[in-house]
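Colleague: The structure under discussion is supplied below as structure tokens; questions concerning it will follow.
The values are calculated or read from the model by the stated rules, or taken from the named source; none is laboratory data. Quick caveat: nothing in here was measured; it's all calculated off a predicted structure. In this analysis, Cβ positions are derived from the backbone assuming ideal geometry, glycine residues included, and neighbour counts consider all displayed protein chains.
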Amino acid sequence: MIDLFLEYQHLFWWMAAASMVMLVAGVFIVPWIVVRLPATYFAHRHRDERVVGRRHPVVGAAILVVKNAVGLVLVLAGIAMLVLPGQGILTILVGLTLLNFPGKYRLERWIVTRPAVLEPINWLRRRRGRPPLAF
């Protein structure tokens, strides 16, 4: 086991750095995003297709590829962090939010409607004077 660590030491340091970034994101950025979500964000059965913007189609496709590649890397790093030091579950969730796949909105709605998730979200929103999420 020690030989494995010594052989891939640089990789473990990068994973530790990514873990720290995810910790900071979890403490500061996630609550900031949750408070700024519209109360009706999850009120619809299906999410409207998002337009990448008024960008050139090649630029839009490149952004989509990079976003999904980063999401995949984060999911894989999160899986590794489940057995290694790090914020594995949080990293997986952030990676999933970046990925595009069929049923993603339905999965997000299902996760957010769990009482263990919805209650803290609505508590944060109440503290900031925002209405609770509506479904």
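Colleague: Would you check which residues across the range 51-86 are within 30 Å of ASN122 (Cβ to Cβ), at pLDDT 85 or above and small (Gly, Ala, Ser) and list them?
Modeller: Residue satisfying the conditions is GLY71 alone.
Colleague: Considering each of LEU96, LEU118, LEU76 in turn, give the residue that is closer than 23 Å to LEU11 by Cα, of a type in the set (A, V, I, L, M, F, W, C), without any contact (Cβ under 8 Å) to a residue 60 or more places away in the chain and surrounded by 15 or more Cβ atoms within 10 Å (Cβ to Cβ).
Modeller: Just one listed residue meets the conditions, LEU96.
Colleague: Here's a follow-up. In the range 29-50, is there at least one residue being of a type in the set (A, V, I, L, M, F, W, C) and over 30 Å from ARG126 (Cα atoms)?
Modeller: Taking every residue of the range 29-50 in turn, none turns out to be of a type in the set (A, V, I, L, M, F, W, C) and over 30 Å from ARG126 (Cα atoms).
Colleague: Now for a separate question. Going through the range 79-120 one residue at a time, which ones are in a loop (DSSP other than H, G, I, E, B) and hydroxyl-bearing (Ser, Thr, Tyr)?
Modeller: Residue satisfying the conditions is THR113 alone.
Colleague: Moving on. All but one of (1) assigned to a loop (DSSP other than H, G, I, E, B); (2) within 16 Å of ALA18 (Cβ to Cβ) hold for LEU76, so report the exception by its number.
Modeller: Exception for LEU76: condition (1).
Colleague: Something else about it: Can ILE111 be described as at pLDDT below 90 and either closer than 30 Å to PHE5 by Cβ or touching a Pro at 6+ places or on another chain (Cβ under 8 Å) (or both)? Spell out the reasoning first.
Modeller: Working: at pLDDT below 90: yes; either closer than 30 Å to PHE5 by Cβ or touching a Pro at 6+ places or on another chain (Cβ under 8 Å) (or both): no.
No; evaluated as a whole, the condition is false for this residue.
Colleague: Read through the list (1) of a type outside the set (Val, Ile, Thr); (2) surrounded by 14 or more Cβ atoms within 10 Å (Cβ to Cβ); (3) without any contact (Cβ under 8 Å) to a residue 60 or more places away in the chain, then give the number of the only condition that LEU37 fails.
Modeller: (3)
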